[in-house]
Amino acid sequence: MDLKDDLWNYLKEYDDVYRILRRRLFGIGINLPGKFGRKLATDVYKVAQRLYGFN
């Protein structure tokens, strides 16, 4: 969680990129609060991992 927060704080320095990422469906879904948000982000990552074969 600390790395995620650090990444978003870093992206805030680049306002245009931050706003694009934060306001898109992906950015909204990844930043949902609570256990549901973390579970959703993990599940989306796993699906993307299977589809694209990274990591």
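The values are calculated or read from the model by the stated rules, or taken from the named source; none is laboratory data. Please read all numbers here as calculations on a predicted model, not as lab measurements. Note: ideal-geometry Cβ built from the backbone for every residue, glycine included; neighbour counts use all protein chains shown. Accessible surface is based on the protein model in full, side chains and every heavy atom, while ligands, DNA and RNA are left aside. Shrake-Rupley method; radii C 1.70, N 1.55, O 1.52, S 1.80 Å.
So here's what we get for this one:
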| quantity | calculated |
| --- | --- |
| Nearest-ten-degree value, helix 2-12 long axis tilted from longest Cα axis of the chain | 50 degrees |
| Sparsely packed trypsin sites (Lys or Arg not before Pro) within the stretch 11-55, loop by DSSP, other Cβ within 10 Å at most 15 | Arg24 |
| Cα-Cα P(r), the chain, percent of pairs per 10 Å interval | 22, 47, 30, 1 |
| Å² of accessible area per residue within the chain, as computed with a 1.4 Å probe and no ligands counted | 90 Å² |
| Point-charge dipole on Cβ atoms (K/R +1, D/E -1) for the chain, about Cα centre, debye to 20 | 360 debye |
| Sites Val17 and Ala41, calculated FRET efficiency, Cβ-Cβ separation with R0 25 Å, nearest 0.05 | 0.85 |
| Contour minus Cα-Cα distance for Lys4 and Phe26 (0.36 nm per residue) | 6.5 nm |
